[in-house]
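Asker: Dropping a structure here in structure tokens format, bear with me for questions.
The values are calculated or read from the model by the stated rules, or taken from the named source; none is laboratory data. Treat the numbers as computed from the prediction; the structure is a model and nothing was measured. Every residue, glycine as well, gets a Cβ built from its backbone with ideal geometry; the counts of neighbours run over all protein chains shown.
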Amino acid sequence: MGRKVAITGIGQTKTKLKRKDVNFSELMGEAARQAIEDAGLTIDDIDCVICSSSPEFFCGINEPEMFATDFTFGVMKPHYRIQTGGTVGASTGITGWYMVSSGLYNNVLVISGDKLTETSVQKGLSLVYSPTMGRDFAAGAPSAVACQTRAYMHRAPEAKLEHLAKIGTQMRKNALYNPNATLKLPQISEDMMMNMAWLSTPLKLLDSCPTSDAACAMVLQSEEYADKNPRPKAWVQSVSTIAEGVNYPDRDWSVPIALKEAARKCYAETGITNPMEDIDVIEIYDAFTSQHLIWLEALGLCDVGKAASQLIDSGATRMDGKLPVNPSGGVLSNNSIGGSAMIRQAEIAMQIMGRAGEHQVEHAEIGLAHGWGGAIQFHTIMIMSKEKEIKDSFENRKKRKG
Amino acid sequence: MEDVKILNGEIVLDYKWSPGQTIGKFLTNLKDGKELSAVRCSVTSKVFLPPQGWSPYANKKMTKFERIVGSPTLKTGTIVYEAPWNKPEGVEVPYMLAALSFVGADTELLHIVVASEEKLLALKPGDKLKPVWKEERIGTIRDIDHFVPENL
């Protein structure tokens with residue numbers, strides 16, 4: 001393992017679906033400024049910037065980081081962009097971790113976001129299919145996830161449309177307490193979810209995320225600098241980013257082997273043996289309701305095929321449940337793609353710092369942030385704790401629980 | 001006077017994509033022989049359909065083509081109700097976007113199933129399908145126009 005790394009500053013752009021008041025670069029700059037201020041630092045303290053967004057077709061600017069450099073404190077500094085589709089925000093946070101953990105830099109600013117409301121998102125998403133094989137049938141993200149959901153429901157017959165309605169309702173209710181969620185539906189109910197028109201069977205309209213304009217930024221500091229920083233911090237204990245093939249032999253769409261491998265690695269590195277018992281809060285990349293069932297099973301939180309009964313019917317993942325999932329309202333309540341996977345990390349960091357306000361989970365000591373991207377094959381995990389050494393956080397939990 | 005708030009734009013680009021030798025052969029065989037060609041990994045024996053030139057498991061080139069015969073079954077699928085921008089030509093919603101399993105292939109082929117909404121709703125994984133070929137084939141995946149339930 002490399003050096004210890006802490007998240008010490010977070011920025012999320014203002015709540016609103018459409019940000020007509022700013023262009024792409026200004027949106028990214030807004031998050032970047034907030035994160036630096038939040039960390040109690042100045043621009044001069046930052047020695048490297050990673051500024052990322054989702055595929056260029058969304059904002060319609062090739063190499064958007066070119067213009068964003070001026071706004072994201074990249075001038076006369078190392079300034080990078082990476083791109084991994086939906087996971088990009090998480091990959092950017094993880095790359096920042098590598099930059100600091102490896103000893104290359106001490107204070108890294110990471111930013112990721114996008115303006116999804118300025119073009120047809122599904123058109124952009126269909127362009128990720130191969131033009132010589134597959135694009136003829138590409139029907140955006142909903143259809144791919146609908147196929148995944150159908151496969152899950154076939155394998156796990158206890159999972160019904162009613163479970164998707166429960167998940168969608170739970171997430172939109174959580175979002176009401178998150179000032180940064182962009183989709184606010186106070187009138188949300190399971191009936192309302194069930195009464196929506198089909199999007200792509202078995203998914204209905206509100207089983208899908210909104211399209212939003214949003215950016216997120218974080219400051220990551222090495223142990224030496226983080227220790228000197230009096231601001232609250234979340235210590236990053238383990239990261240993983242794993243890819244599956246696009247169409248590999250014997251694939252089961254409902255079993256994300258990349259996520260299972262990412263979880264195996266991160267659990268082993270942190271000493272988590274029973275994730276349901278050992279983790280206090282989770283943020284997953286839930287662009288669609290059904291992904292709660294699929295991702296949480298892959299994270300090892302329930303028996304195989306039993307996510308609907310053990311996690312949803314039981315109320316385990318509700319705010320008052322045993323292991324709250326997506327207190328923020330999740331991607332189902334705010335999806336800019338570019339910002340979404342970093343927001344998962346930022347939200348967990350806020351929970352660990354005890355700064356999540358009205359959607360704060362009590363006693364959040366250890367948290368997990370997930371990211372999803374590619375077709376259905378890229379997965380990331382970041383595990384954080386309140387204490388610099390995760391064993392001390394385990395100890396705190398043990399004492400509290402007596 | 002109001003500030004300028006929105007600028008409209010459009011991006012139109014032309015491409016001439018090379019499918020590469022492996023997919024190129026697959027498309028040629030569709031066109032010339034109404035034939036589905038897959039490749040077998042010589043190390044793992046897994047058969048890739050559509051074919052790809054490289055086995056990520058053996059880290060080896062795959063050049064051994066095999067003809068896939070027989071009708072597929074539905075692996076998973078979704079009925080598309082909202083027409084996407086690139087709705088397959090000549091097809092109306094609702095239609096099914098489907099991952100199809102063929103005997104002799106270890107990966108799945110993405111294609112569409114066209115039938116009445118009632119028939120589509122009744123389709124379940126494992127159900128048999130059959131191809132409907134185009135009269136005039138030009139070497140694209142749409143040389144198979146679509147699949148239909150076998151018992152239609």
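Asker: Sort out which residues of segment B:26-59 are outside any loop (DSSP other than H, G, I, E, B), more than 12 Å from chain A (Cβ to nearest Cβ) and surrounded by 14 or more Cβ atoms within 10 Å (Cβ to Cβ), and write them in order of number. Even if it seems obvious, please write down each step before you answer.
Answerer: First, pick out the residues of segment B:26-59 that are outside any loop (DSSP other than H, G, I, E, B): B:26-33, B:36-40, B:47-48, B:54-55.
Those left that are additionally more than 12 Å from chain A (Cβ to nearest Cβ): B:28-29, B:31-33, B:36-37.
Matches in segment B:26-59: B:T28, B:N29, B:K31, B:L36, B:S37.
Asker: So which pairs qualify, if the first residue must be in segment A:337-354 and farther than 17 Å from A:Q34 by Cβ, the second must be of a type in the set (S, T, N, Q), the Cβ gap must be under 6 Å, and the two must be at least 6 apart or on different chains?
Answerer: A:I337/A:S54; A:A341/A:T87
Asker: Out of A:V255, A:V281, A:V246, A:V236, report the one residue that is modelled with pLDDT under 95 and not acidic (D, E).
Answerer: Numbers: A:V255 fails: modelled with pLDDT under 95; A:V281 fails: modelled with pLDDT under 95; A:V236 fails: modelled with pLDDT under 95.
After applying the criteria, what remains is A:V246.
Asker: Same structure again: Do any helices (runs of 4 or more DSSP H) lying entirely in segment A:95-194 carry at least 2 residues that are at pLDDT 95 or above, out of contact with any His (no Cβ under 6 Å at 6 or more places or on another chain) and within 10 Å of chain B (Cβ to nearest Cβ), and which ones are they? Before the answer, list the steps.
Answerer: On the way: elements: A:121-126, A:140-155, A:161-175, A:190-194.
Fully inside segment A:95-194 and qualifying: A:140-155.
Asker: Just the residues that are crowded, with 20+ Cβ neighbours inside 10 Å and aromatic (F, W, Y), please, taken from segment A:68-83.
Answerer: A:F71, A:F73
Asker: Need pairs with beta-carbon distance below 6 Å; first residue over 21 Å from A:T211 (Cα atoms) and within segment A:90-115, second in a helix (DSSP H, G or I) and among the aromatic types (F, W, Y); sequence gap 6+ or separate chains.
Answerer: Every condition considered, the pairs that remain are A:N106/A:Y225; A:N107/A:Y225.
Asker: Can you list the strands (runs of 3 or more DSSP E) found entirely within segment B:64-152 that contain at least 2 residues being closer than 20 Å to A:L203 by Cβ? Break it down stepwise before answering.
Answerer: Values: elements: B:64-68, B:73-80, B:95-101, B:109-113, B:129-133, B:144-149.
By residue number, B:73-80, B:95-101, B:109-113.
Asker: Right, another one. Tell me whether segment A:199-209 contains one or more residues that are buried (at least 24 other Cβ atoms within 10 Å of the Cβ) and either more than 14 Å from every other protein chain (Cβ to nearest Cβ) or without any contact (Cβ under 8 Å) to a residue 12 or more places away in the chain (or both).
Answerer: Within segment A:199-209, one or more residues are buried (at least 24 other Cβ atoms within 10 Å of the Cβ) and either more than 14 Å from every other protein chain (Cβ to nearest Cβ) or without any contact (Cβ under 8 Å) to a residue 12 or more places away in the chain (or both).
Yes/no per residue for (1) hydroxyl-bearing (S, T, Y); (2) modelled with pLDDT of 95 or more:
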position	(1), (2)
B:P19	no, no
B:L27	no, yes
B:V47	no, yes
B:Y57	yes, no
B:K60	no, no
B:E66	no, yes
B:P72	no, yes
B:K75	no, yes
B:N86	no, no
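Asker: Right, something else. Within segment B:9-19, identify whether any single residue is acidic (D, E) and part of a loop (DSSP other than H, G, I, E, B), and answer yes or no.
Answerer: Yes, segment B:9-19 contains a residue that is acidic (D, E) and part of a loop (DSSP other than H, G, I, E, B).
Asker: Anything in segment A:168-184 that is surrounded by 20 or more Cβ atoms within 10 Å (Cβ to Cβ) and over 20 Å from A:Q351 (Cβ atoms)? List them, or say none. Don't jump to the end; show me each part of the working.
Answerer: Step one: of segment A:168-184, the residues surrounded by 20 or more Cβ atoms within 10 Å (Cβ to Cβ) are A:168-172, A:174-175, A:178, A:180-183.
Result: A:G168, A:T169, A:L183.
Asker: Further question: Answer with yes or no whether A:I242 is closer than 21 Å to A:I383 by Cβ and in contact (Cβ under 8 Å) with a residue 40 or more places away in the chain. Spell out the reasoning first.
Answerer: Numbers: closer than 21 Å to A:I383 by Cβ: yes; in contact (Cβ under 8 Å) with a residue 40 or more places away in the chain: yes.
Against the criterion (closer than 21 Å to A:I383 by Cβ and in contact (Cβ under 8 Å) with a residue 40 or more places away in the chain), A:I242 qualifies.
Asker: Please verify whether B:K134 is facing chain A (nearest Cβ under 10 Å), basic (K, R) and without any contact (Cβ under 8 Å) to a residue 40 or more places away in the chain, treating the condition exactly as stated.
Answerer: No, not satisfied.
Asker: Can you tell me how many residues in segment B:62-115 are over 16 Å from B:K130 (Cα atoms) and β-branched (V, I, T)?
Answerer: 7
Asker: OK, next. More than 8 Å from chain A (Cβ to nearest Cβ), crowded, with 19+ Cβ neighbours inside 10 Å and under 29 Å from A:Q122 (Cα atoms): is that true of B:M62 in this structure? So that I can check it myself, show each step before the final result.
Answerer: Values: more than 8 Å from chain A (Cβ to nearest Cβ): yes; crowded, with 19+ Cβ neighbours inside 10 Å: yes; under 29 Å from A:Q122 (Cα atoms): no.
In short, no.
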